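Trainee: Right, I'll just put the structure down here and ask away after.
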Amino acid sequence: MSEEERLDEIKQLLKAMIRNKCVNPPGNELRSIRTLQDYFAAHGVESQIFESAEGRGNLYARIEGTDPNHPSLTLGPCHVDVVPVEDPGTWTVDPWEGVEKDGFIWGRGAFDMLFIVACQAAVFASFVQEGFRPKGDLVFLAVSDEEAGGLFGTKWMLDNHPELVKTDFAVTESGGFPIAPSRYVFMVGEKGINWKRLKFRGEEGHGSMPYGTPNAVLKMSQAALRLSRYDPPVETKFVGDLARGLGLSRLTRFFLENKSLVPLAIKLSAKKDIGMAKVLHALTRMTISPNVARGGEKTNVIAGQATLDVDVRTLPGQDDEYVVRHLKRALGDLAPEVEIAKVPGVPTSVGNASPSQSDFVDAMREAVRQCTTPDADLVPMLLTGASDTRFYRDVGSQAYGFSLFDDRLKLAEITPLAHGDDERISIGTLRLTAEVYERLARNFLTLP
Ligand SMILES: [Zn+2]
């Protein structure tokens, strides 16, 4: 198929998946999984559906490589589920209609991440149609359930059919944003999420005579202060890459590569660009943010109980033991009186990361240059939330957030689109993303 035909098919697929409304929960992703399978069938692509629960499933297809020793690549795991729309009235279009206007396709999921699903499916189908024979295997995997933790999607496929879907490399959502002229972010890893509920005890007594009675709210507020003043150890590994990629000044890079100077670099950066300072801060440590406080019952009763929910985000490799150890250190002599528990109902994840320099990363950079300008470069970042790539990294694959955006929207306009109002994707981004995946697969899977 010609590039124009392929772009047209990507648009149709994207609109169809927006209209399928696979809102998770409950997901009902089989609707879009079948849309993709029908699309594949119409192009002579064999594919298989694996149902993981009632109404939910994952779609798998493969182009066999000619050399079993050549590294393999997955286009995906790409998720077809989307988050709900809280209030359609705050959108300027119907979020479920798949409207095309002003050079964009609008709708829930257009950006997160149905546009990638559509591009990856169309590129895969065009490879099959042309009879592409890569050296390494090329796998396509569309999944359910990313928005609610991935247990019926990527995790389920890796647990139940690893021989099919585990590849050496994988590329999926959350990358390709322009961050500076000719500089595009790609995601090499993600931070972990480890929310804690701290519980404090006091003794109930009359509020008119507080002297000598332990008060849970007082302990909680002391704890909140100590947590906010605590400095977890600084790690420079992830920010050094970013500083190099962004072409920051030598002095700033020197500061960011020395653990003792990082706080100063962040302070200096905050004077110019608070957004950059936030990023540098989050990428150099575990962050601790005490955000929900509850305690006491009545104004005239001394507080017997209080809880503090703390949003803890870890760097790759920092596990639960690390989190608890540092929370106790932050609490100091209060620690023995505090019970540290999980915030119920929120899954904990340990972050992980893939190398920011390798032959594969070189192939990604080369693909971006072929699609844009010869001086374009990639800037490695860590995602501060969780995505399906962590499951691939957990089984030893190298997984990246990688696509390619045009310049219709600025970075500050792009990031709020995920789960936000007026979610949309430009036609130019569809074109570039399909092209960058095609070039990446062609370049990497035919390397000598
Ligand atoms: Zn997503």
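Trainee: Find out how many positive minus negative residues lie around Ser387, taking Lys and Arg as positive, Asp and Glu as negative, among other residues whose Cβ is under 15 Å from that of Ser387.
Mentor: Net local charge, Ser387 excluded: -4.
Trainee: Return the whole-Å distance between the Cα centroid of the stretch 270-297 and the Cα centroid of the stretch 391-422.
Mentor: Each part reduced to its Cα centre gives a spacing of 22 Å.
Trainee: Full extension from Ser358 to Leu261: what is 0.36 nm times the residue separation minus their Cα-Cα distance, to one decimal in nm?
Mentor: The Ser358-Leu261 span can extend by a further 32.1 nm.
Trainee: Using per-residue counts of other Cβ atoms within 10 Å, averaged over each peptide, order 190-197, 175-182, 371-378, 333-340 from highest down.
Mentor: 190-197, 175-182, 371-378, 333-340
Trainee: Per residue, what accessible area does the chain have, given a 1.4 Å probe and all protein chains present, in Å²?
Mentor: Result: 44 Å² of accessible area for each residue.
Trainee: Right, next: Straight-line reach only, C-alpha to C-alpha below 16 angstrom: list the lysines that Lys191 could link to, leaving out same-chain residues fewer than 8 apart.
Mentor: Lys237, Lys278
Trainee: What residues of the stretch 85-106 lie in the reach of a label at Asp421, counting those whose backbone N is under 16 Å from a point 7 Å from the Cα along Cα→Cβ?
Mentor: The answer is 85-96, whose backbone nitrogens lie closer than 16 Å to the label point.
Trainee: Any idea how far the Cα center of the stretch 202-224 sits from the one of the stretch 335-380, in Å?
Mentor: So the separation of the two Cα centres works out to 43 Å.
Trainee: Next question, about the same structure. Under 17 Å between alpha carbons, and skipping anything fewer than 8 positions from Lys21 in its own chain: which lysines qualify?
Mentor: Here the lysines satisfying the reach criterion relative to Lys21 are Lys11.
Trainee: Oh, and also: Build a GNM of the chain with springs between Cα atoms under 10 Å: which of Tyr184, Tyr392, Tyr211 gets the top mean-square fluctuation?
Mentor: Checking each option, the largest mean-square fluctuation is seen for Tyr211.
Trainee: By how many nm would the segment from Gln222 to Leu334 grow when fully extended, if each residue of separation counts as 0.36 nm and the alpha-carbon distance is taken off?
Mentor: Between Gln222 and Leu334, full extension yields an extra 39.5 nm.
Trainee: Have a look at Met220, Met286, Met209 and tell me which one the Gaussian network model of the chain (Cα, springs below 10 Å) gives the largest fluctuation.
Mentor: The residue that fluctuates most here is Met209.
Trainee: Now, a different point. Would you work out the relative contact order for the stretch 192-342, in percent, from Cα pairs under 8 angstrom that are 6 or more residues apart?
Mentor: Once divided by the residue count of the stretch 192-342, the mean separation gives 43 percent.
Trainee: Starting at the first residue of the stretch 348-357, write each ³J(HN,Hα) from the Karplus equation 6.51 cos²θ - 1.76 cosθ + 1.60 with θ = phi - 60°, in whole Hz, x for Gly and Pro.
Mentor: Residue by residue, the stretch 348-357 yields 8, 10, 8, x, 8, 8, 9, x, 8, 9 Hz.
Trainee: Cα atoms only, the chain: Rg and Dmax in Å?
Mentor: Every Cα atom of the chain included, Rg and Dmax give 24.1, 84 Å.
Trainee: A further question follows. Taking H placed 1.01 Å from N in the peptide plane, check which residues at least 5 places from Glu235 or on another chain put their amide H under 5 Å from its amide H.
Mentor: Amide H to amide H, under 5 Å and 5 or more residues apart or across chains, Glu235 pairs with Arg285.
Trainee: Output the peptides 102-113, 235-246 sorted from most to least packed, where packing is the average of other Cβ atoms within 10 Å over each peptide's residues.
Mentor: The densest-packed peptide leads the list: 102-113, 235-246.
Trainee: On to the next question. Can you list residues whose amide H is under 5 Å from Gln305's amide H, if they're 5+ apart or on another chain and H is modeled 1.01 Å from N?
Mentor: Hits under the 5 Å cutoff: Gly202, Ala216, Gly296.
Trainee: Around Ser358, with a cut-off of 12 angstrom between Cβ atoms, what is the net charge of the other residues, counting Lys and Arg +1 and Asp and Glu -1?
Mentor: Here the charged neighbours net out to -2.
Trainee: Helix 320-331 against the longest principal axis of the chain: what's the angle in degrees, Cα atoms only, rounded to the nearest 10?
Mentor: That helix lies at roughly 30 degrees to the long axis.
Trainee: Counting helices only, and only those DSSP H runs with n ≥ 4, report the 222 nm mean residue ellipticity of the chain as the sum of -39,500 (n - 2.57) divided by its residues, in deg cm²/dmol to the nearest 500.
Mentor: Counting only the DSSP helices, I get -11000 deg cm²/dmol.
Trainee: Additional query: For Ser269, what is the net charge nearby, where nearby means another residue's Cβ is under 13 Å from its Cβ and Lys, Arg count +1, Asp, Glu -1?
Mentor: +4
Trainee: How long are the semi-axes of the equivalent ellipsoid of the stretch 2-153, defined as square roots of 5 times the Cα gyration tensor eigenvalues? Whole Å, largest first.
Mentor: Ellipsoid semi-axes (Å, largest first): 27, 19, 12.
Trainee: Please state the shape class of the stretch 4-88: rounded when a/c is under 1.5, otherwise prolate if a/b exceeds b/c and oblate if not, all from the C-alpha gyration tensor.
Mentor: Prolate, because a/c is 1.5 or more and a/b exceeds b/c.
Trainee: Averaging the inverse of every distinct alpha carbon separation and then flipping it gives the Kirkwood radius. What is it for the stretch 342-448, in angstrom units?
Mentor: 16.0
Trainee: Now for a separate question. Sorted by packing (mean other beta-carbon atoms within 10 Å per residue), highest first, where do 426-435, 81-90 land?
Mentor: 426-435, 81-90
Trainee: For the stretch 192-342, what is the convex hull volume of its Cα atoms per residue in Å³?
Mentor: Looking at the stretch 192-342, the number lands at 126 Å³ per residue.
Trainee: To continue, here is another question. So, in nm, how far is label Thr252 from label Asp94 when the simple model puts each one 7 Å beyond its Cα toward the Cβ?
Mentor: 4.7
Trainee: Lys259: which aspartates and glutamates have alpha carbons under 16 Å from its alpha carbon, excluding same-chain residues fewer than 8 sequence positions away?
Mentor: Once the sequence-local aspartates and glutamates are set aside, what remains near Lys259 is Asp231, Glu235, Asp241.
Trainee: Considering only protein heavy atoms and a 1.4 Å probe, what is the carbon-and-sulfur percentage of the accessible area of the chain?
Mentor: Whole-percent figure for carbon plus sulfur exposure: 51.
Trainee: Related question: Taking H placed 1.01 Å from N in the peptide plane, check which residues at least 5 places from Leu383 or on another chain put their amide H under 5 Å from its amide H.
Mentor: Excluding prolines and chain starts, which carry no amide H, the hits are Val188, Gly189, Glu190, Lys191.
The values are calculated or read from the model by the stated rules, or taken from the named source; none is laboratory data. Note that this is a predicted model, so its numbers are computed, not measured. Don't worry about glycine lacking a Cβ; one is built from the backbone with ideal geometry, like all the others, and counts go over all protein chains shown. To get the accessible areas, we keep the full protein, side chains included, count just its heavy atoms, and leave off ligands, DNA and RNA. Shrake-Rupley method; radii C 1.70, N 1.55, O 1.52, S 1.80 Å.
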